[in-house]
Each structure stands twice: as structure tokens, then as C-alpha cells.
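The values are calculated or read from the model by the stated rules, or taken from the named source; none is laboratory data. In this text the structure is predicted, and so the values were computed from the model without any measurement. All Cβ positions, glycine included, derive from the backbone under ideal geometry; neighbour counts span all protein chains shown.
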Amino acid sequence: MPITKSSRNEDLTKLTLEAKDIPKTADLPALMKLHRKTLVNTIKELKKTDPKVLDLTVHRLHEEAFQLFDCLDCGNCCRTISPAITYAEVDSMAKKLRIKPSELVTRHIHMDTDGDFVFNSAPCPFIGDDNYCSVYSARPKACREYPHTDRRKFYQILDLSLKNAEVCPVVYAVIKKMGI
Ligand code: SF4
Ligand code: SF4
């Protein structure tokens, strides 16, 4: 029997993640090299999927993944990419650090070519060796929302999520799992 849209939707809603589906962060580069084509094709297929089914599936897999995987065992996003930071967030982080916003900017922040504030370099200056964030309660929204697998209208960030799969083992596992 050919795979129809409704049977594919039904298959997606039945998916579930196990601990073995989530790779070690250190293994991501090799896995991406090996499975990039599959992931690209999965993203193409997911663009044709009912957005509501996609959201329900991704959100459930996100919940399952973060019950099985602890960001404190990873920290790869904080070590490899910078969030976009707003003026208000510069103020909040500076307050948390008990320094002036201008001092925070001078030491750690610049404006990128898109006009966003970003950290000068990766790893982020606030990630510790134990992967704890020293400005956690004042961290930027982009940090709080990463890796966006619980976001509504996930179809809007399918291409971005392919990039995020290179950084985040949970995104990798979620997309790989949906490649049915
Ligand atoms: S501010 Fe905190 S959460 Fe954000 S990148 Fe830095 S260490 Fe990570
Ligand atoms: S969000 Fe992803 S990349 Fe960032 S620490 Fe958690 S598992 Fe690692």
C-alpha cells in the first residue's frame, strides 16, 4: 500500500523517543556527515506535513527527549553559537553581574552584520566548566528558547532546525526520528 498523507500523519503521531535515539554530543559531527542526506530529505518531507500534526509530534518528542537528556551533560549550544541579545537583555545580564551595561558590552558583546548584539566569541563567557550558566536567571530569550523544538508553527523553522541538528543532540534525534 502506498504511503498516503494521512498514513504518514498517523505514523508521525505514533513516534516516541528512547534514550538510545539521542546521540552523545561528541558524536554529532560524524553522525551529521553520515546522515545529512537523510535529514535533508526528512526536512523536505516535513514541509509537506500538516503543520498541526508536525507541532504535536515535535512537541511530544521534545518533552520525551528532555526527560531523557540533561543539557548540563552537553552545553554545546552555549559553546558553539551565540544568541541574539536585545538592549533589555544586556541590562538584565549586567544587573545580574553587578556591572554597568557599557562594561558588559565592552568586555563581551558586539553588533553583528545583521544588527544584532551577540557575544564576541564562543564559548559564551558565562558558561562554566560544569556547563552551568552564571547569568541563568537573566539569560537572553534566545537561550531560554533554544533549541526551539517546543515552538508553535515548527514548519517555519524546519531549515533552521537542520542547522541546529549540527549543534544539538536533541534536535538531531527529533528530526532523525521523524524520518520514517
Ligand atoms: S548566556 Fe547562559 S544560556 Fe546563554 S549562551 Fe551563555 S551560558 Fe548559555
Ligand atoms: S539545548 Fe541542545 S545543544 Fe544546548 S545544551 Fe541542551 S542538548 Fe545541548
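Values computed for the structure shown
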{"item": "Within the range 39-113, helices (runs of 4 or more DSSP H) holding 2 or more residues that are touching a Phe, Trp or Tyr at 6+ places or on another chain (Cβ under 7 Å)", "result": "51-68"}
{"item": "Search result, residues across the range 48-79 that are of a type in the set (Asp, Glu) and free of Cβ contacts under 8 Å to residues at least 60 places away in the same chain", "result": "Asp50, Glu64, Asp70, Asp73"}
{"item": "Failed criterion for Val167 (all others in (1) β-branched (Val, Ile, Thr); (2) in a loop (DSSP other than H, G, I, E, B); (3) not assigned by TED's automatic domain parsing to the domain that holds Leu46 hold)", "result": "(3)"}
{"item": "Of the criteria (1) among the β-branched types (Val, Ile, Thr); (2) under 16 Å from the mean Cα position of the chain (by Cα); (3) outside any loop (DSSP other than H, G, I, E, B), which one Thr149 fails", "result": "(3)"}
{"item": "Residues satisfying the stated conditions in the range 154-169, i.e. hydrophobic (A, V, I, L, M, F, W, C) and under 14 Å from Thr57 (Cα atoms)", "result": "Phe154, Leu158"}
{"item": "Qualifying residue in the range 13-25 (condition: in a helix (DSSP H, G or I), in contact with a Pro (Cβ under 8 Å, 6 or more places away or on another chain), basic (Lys, Arg) and touching a residue at least 40 places away in the same chain (Cβ under 8 Å))", "result": "no"}
{"item": "Extreme residue, farthest from ligand 2 (Cβ to nearest atom), among residues of the range 105-119 that are out of contact with any strand residue (DSSP E or B) (no Cβ under 7 Å at 6 or more places or on another chain) and either outside the structural domain of Asp91 (by TED's automatic domain parsing) or modelled with pLDDT of 95 or more (or both)", "result": "Thr106"}
{"item": "Test: residue in the range 112-126 that is in contact (Cβ under 8 Å) with a residue 40 or more places away in the chain and either away from ligand 1 (no atom under 14 Å from the Cβ) or under 12 Å from the mean Cα position of the chain (by Cα) (or both)", "result": "no"}
{"item": "Single unsatisfied condition, Ser82 versus (1) at pLDDT 95 or above; (2) buried (at least 16 other Cβ atoms within 10 Å of the Cβ); (3) within 17 Å of Arg144 (Cβ to Cβ)", "result": "(1)"}
{"item": "Hey, Val135 surrounded by 13 or more Cβ atoms within 10 Å (Cβ to Cβ), closer than 27 Å to Val40 by Cα and within 16 Å of ligand 2 (Cβ to nearest atom) or not", "result": "no"}
{"item": "Subset of the range 72-111 (residues that are under 18 Å from Tyr132 (Cβ atoms), among the aliphatic types (A, V, I, L, M) and more than 22 Å from the chain's Cα centre (by Cα))", "result": "Leu97"}
